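The values are calculated or read from the model by the stated rules, or taken from the named source; none is laboratory data. Just so we're clear, the structure is a prediction, and the values are computed from it rather than from any experiment. Cβ coordinates were reconstructed from backbone atoms using ideal geometry, including for glycine residues, and neighbour counts include every protein chain displayed. Areas reflect the complete protein model, heavy atoms only, side chains present, ligands, DNA and RNA absent. Shrake-Rupley method; radii C 1.70, N 1.55, O 1.52, S 1.80 Å.
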Amino acid sequence: MNLNELASRLQNIAPFHVMELAKKAAALEQQGRHIIHMGIGEPDFTAPPAVVEAATRAMADGKMQYTSATGLPQLRQAISDHYLRVYGLTIGPERIVVTAGASAALLLACAALVEKGAQVLMPDPCYPCNRHFVAAFEGQAKLIASGPEHRFQLSAQMVREQWSPATRGVLLASPSNPTGTSILPEELRAIVGEVREHGGFTIVDEIYQGLSYEGEPFSALSLGEDVVVINSFSKYFNMTGWRLGWLVLPPALVPQIEKLAQNLFICASSIAQHAGVACFSPESIAIYEERKAEFKRRRDYIVPALESLGFTVPVVPDGAFYVYADCSALSDDADQLTLDMLNEAGVVLVPGLDFGPFTARGYIRLSYATSMENLQEAVARLKVFFDKRKAA
């Protein structure tokens, strides 16, 4: 194969530096080093017993055939019931499409909505794969510098000022990866209104919505049927490797997404879907809520601990399991700093490089989806690391 003949769109997809750091960490572990991982955003909890039992039962009963491309009816109904119970929203199951993780949901949404050359507005910093989903369909992610004064999120004013004839819509995440910050409900309402005035689309990634620690539960679905919402079983439901997520769509978009899903994926894993139904049982929800409280406890420990080391946390995260910390008082190169912390202290953190150019050199992302013991050990190691640098 002539590599010069590969599709040109590959030039628009950058490497995922989080994974590159993970590779370096794995190499050090093979040398016998003990590495504390606070890079990849993966809960250290796994699926609760009822979920594992449901998967085992599905396999024992031979329920491993294809499902509808839109998902098992009982799972779509369980998700619908969840929206009513938690958010007080009546979301018909016919608007819900079960997907092979939130990544497949984003892929399907972009396939349906992003034209060649279309601009999609999103904040800088943001999850890198979001802009790559847009690029995969030959659209253009227009990153808008969003600092701590805006909670690292877009505002309605930004959308109004940055909208151009090429703009097709916005792609948001609330709470966000990498910052753990949410868009305030009144601001999100204003953003949706601004997009509506331009006849565009609004996609909101809510995969961390279940891990919101402040205020009343809120979903962008309360803002109207035209808002497309992405969610996942990976984060709040602790099922990362099961690859299960969902889309909530405007009714008219469902048959179009179904057509795409039939051709691109056939369906999400049938075993994972049967297991997913058990996520919504009272005993499972009780476990998830206990784990959510533990994530909050970790956040409340790690934010002041980071500040004691010399980092600045300009916006305390209100959701997810990330802290986006300003490291400019410690280094003028976040990328090199994270490599030094890995090599010298055995601690994996992620530089802002992955999340957009605006904060690339001055910020690091920490994931506190690890045990309190690991967090405390990491802080102790980093204290030694920084004390040595000061003494040098």
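Just a few scattered comments:
- Straight-distance crosslink candidates among lysines, where the alpha carbon sits under 19 Å from residue 292 and sequence neighbours closer than 8 are dropped: 235
- In region 62-169, taking the dipole from charged Cβ atoms about the Cα centre, the farthest positive-side position among 104, 154, 166 is held by 104.
- Point-charge dipole on Cβ atoms (K/R +1, D/E -1) for the chain, about Cα centre, debye to 20: 480 debye
- Share, in percent, of DSSP beta bridges within region 199-340 that are antiparallel, nearest 5: 60 percent
- About its Cα centre, the dipole of region 1-140 is roughly 40 debye, where the only charges are +1 on Lys and Arg Cβ and -1 on Asp and Glu Cβ.
- As a rough guide to protection, the peptides 320-333, 42-55 ranked by mean Cβ packing within 10 Å, highest first, stand as 320-333, 42-55.
- Longest to shortest principal axis, alpha-carbon extents of region 1-157, angstrom: 50, 48, 47
- For the chain, the longest principal axis of the C-alpha atoms and the axis of helix 254-264 are separated by about 70°.
- Bridge orientation summary for the chain: considering DSSP beta bridges with both residues in this region, about 45 percent are antiparallel.
- For the chain, the share of accessible area belonging to carbon and sulfur comes to 53 percent (1.4 Å probe, ligands and nucleic acids excluded).
- Placing unit charges on the Cβ atoms of the charged side chains and taking the dipole of the chain about its Cα centre, the candidate lying farthest along the positive direction among 242, 177, 208 is 242.
- Relative contact order (%) - criterion: Cα under 8 Å, at least six apart; region: the chain: 23 percent
- Antiparallel DSSP beta bridges within region 163-264, as percent of all bridges there, nearest 5: 30 percent
- Relative contact order (%) - region 209-322, alpha-carbon pairs under 8 angstrom, separation at least six: 29 percent
- Set of lysines with alpha-carbon distance to residue 116 below 28 Å, sequence-local pairs under 8 removed: 142, 259
- When the chain is described by a simple charge dipole with +1 on each Lys and Arg Cβ and -1 on each Asp and Glu Cβ, the residue from 371, 271, 356 located farthest towards its positive end is 271.
- Highest-first packing order for the peptide set 335-342, 20-27, 232-239 is 232-239, 335-342, 20-27, based on the mean count of other beta carbon atoms within 10 Å.
- At q = 0.23, 0.27 Å⁻¹, base-10 log of I(q)/I(0) for region 48-126 (Debye sum, equal scatterers on each alpha carbon): -1.19, -1.26
- Computed over the alpha-carbon pairs of region 227-328, the distance histogram in 10 Å steps reads 13, 30, 27, 21, 9, 1 percent, short to long.
- Contact order normalised by residue count of region 267-392, Cα under 8 Å, 6+ apart, percent: 21 percent
- Compactness of the chain is given as radius of gyration and Dmax, 21.0, 65 Å, from Cα positions.
- Residue-normalised accessible area of region 207-365, given per residue in Å² at a 1.4 Å probe: 35 Å²
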